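Below: one structure, written as structure tokens.
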Amino acid sequence: MSTYPQAPREPPVAYHNNGVVHDYEKNPMYEKDESPMGSGHNGEYDVQTGETAALHRSLKSRHMQMIAIGGAIGAGLFVGSGSALQNGGPASLVLSFIIVGFFLLLTMQALAELAVLYPVNGAFFIYICRFIEKSWGFACGWDYAISWLTVLPFEITAAGITIGFWPAGANVNIGVWITVFLVALSAIQIFGVRGYGEVEFVLSVIKILACTGFIILGIIIDCGGVKSDPRGYIGTEYWRAPYAAFRNGFPGFCSNFVNAAFAFGGTELVGLAAAEAANPLKAIPTATKQVFWRITFFYIVNLLLIGLIVPANSDALLGASGANTKASPFVLAIETAGIKGLPSVFNVVITISVISVANSCTFGSTRTIQALAGQGMAPKFLAYVDKHGRPLYCVILQIAFGFLAFANEATTNGGVFFNWLLSLSGLAYFFIWGSICLAHIRFRAGWKAQGRTLDEIPYRAPFGVAGSIVGCILACLCLMATFYTALYPIGGSPDASAFFQSYLTALVILVLYVGWKIYTRDATFFIRAKDMDLNTGLRTNLAELQEERQRLNVDRGWKSMPMRMVRAIA
């Protein structure tokens, strides 16, 4: 049974949902926003609550903007890009990241439209349930939660490995560092969503500065401006023979999509945070619009420079995964140029990045599981939110999974265990992003079928339904490319263990989907457009927001284009 208030066009009235009549004014789960940022908006930021209290709307615009990029910049970029460079070469590296980045941009725009119109707890998981089908929403929601639950021990371990970059840190048992990072993450959770937002803001600023600094340094190295670098001017030497722009041909190109998805993973957290944003109408579109520029600047430009100054056939790139900073192409580029001291500085940045992703793990999994419980798709006690806005039992569950990091203490089979643990999150992003695009397509169909107009939507995805259709196509192509490389790995023959480690997520989602179908005895395979629930959780002041959107769109001519471009970036 839904506990969201209806957002009627007329004065508040009762609405019917799943055979139960709720009163808009008397619904005990409905709470007005009394925060300074939310006052005076007539409940437009109301969200679903837990069993006894509501998730607090404490994330400001600056937090949302940093979440959009902070969850994305991590070891996947700084270290994982090394294996992508070695497998596919510099051209494949850049091209695969451009394709996945464009896919993510389409997804984020679709998610922004839904999140502004329905700023509800659970975000895309709720949208998938409502606009596609409940069993698929259950499968995607739990797959997303499981991926974050299993990534946390990996990230904590990775943070400990980065400390081993220095001889003094390498002499300390990794279990000590795992304990330190677990305690730090637990302390952050004490301060709730505001603590998460503030920590992510600070760590993201550091990462952004590091990426910007590396771009400047990379240009200098490529142009031969570093005296200690014996190579002098490099230019595009590593893109030509005897090197190769495309290594290992088509298989090398296909192998990079999962690396790119893992590097970009976490950007969608801005949609998950919609229920805890103080002003979703302003914060969410601003954060998602910046995704394009940030993908271009912090990913594509950095990786283009990496391909110019680091040879793809370098033996030092072997083992470029996790947080093996000694194999990081960024650290390798600095060391090859003979710059002293700076590799250690960049290792600090990588350590911070890993901690940032671990921080995002706790947010992503806990909010998703709390929303699943609120919909009756997880044990009821997990829906509990304390008076400080913390999904307490979900946080405890996530921290408990963090203790799996101590499996590294096992002298045998510890690495095998972690490989299988990470396989649970390998393809999750393709399924989630593709489902978000499909939910947007189905939402627009339902919106039209029920006699509503596009003018009623406060924020519309710039690429519209066409963009989401392209997103679904890209999701399918990425899954096909990954299936191909899982079946025929580079430099090897088909192997059942390697295949399932690469494609286990697909099997998990299928089991979750079929299992929920059997458990609920639900024979519905999709929700018809005319039967979609478009009222539950809808904003209560659409007329006011329409006027605001029209005011902002008064001057859309060529004269205002420069300022509009600036606003899109900033």
Task: Contour minus Cα-Cα distance for Val511 and Tyr243 (0.36 nm per residue) - done: 92.1 nm
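Per residue, how much accessible area does the range 140-277 have with a 1.4 Å probe, in Å²? Could you put the intermediate results ahead of the total?
Working: 5170 Å² over 138 residues.
About 37 Å² of surface per residue is accessible.
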Open item on the list: At 0.36 nm per residue, and after removing the present C-alpha to C-alpha distance, how many nm does the segment from Ala523 to Cys223 gain when stretched out fully?
Closed with: 101.7 nm
Open item on the list: For the pair Trp166/Leu477, report the inter-label distance in nm, with labels modelled 7 Å from Cα in the Cβ direction.
Closed with: 4.5
Open item on the list: Could you give the length gained by full extension between Ala466 and Lys380, i.e. 0.36 nm per residue of separation minus their alpha carbon distance, to one decimal place?
Closed with: 27.1 nm
Open item on the list: Within the range 378-529, what whole-number % of the accessible surface is contributed by carbon and sulfur, with the 1.4 Å probe and all protein chains included in the calculation?
Closed with: 69
- [ ] Send over a whole-number figure in Å² for the accessible area per residue of the range 413-521, probe 1.4 Å.
- [x] 48
Task: Positive-end residue of Trp177, Pro153, Gly213, charge dipole of the range 135-272 with Cβ unit charges - done: Gly213
Open item on the list: Distance cut-off 32 Å, Cα to Cα: go down the list Lys207/Lys227; Lys134/Lys387; Lys227/Lys326; Lys387/Lys530 and report the pairs above it.
Closed with: Lys387/Lys530
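The values are calculated or read from the model by the stated rules, or taken from the named source; none is laboratory data. These numbers come from a predicted model, not from an experiment. Every residue, glycine among them, receives a Cβ derived from its backbone with ideal geometry; neighbour counts consider all protein chains shown. Note: areas computed on protein heavy atoms with side chains; ligands, DNA, RNA excluded. Shrake-Rupley method; radii C 1.70, N 1.55, O 1.52, S 1.80 Å.
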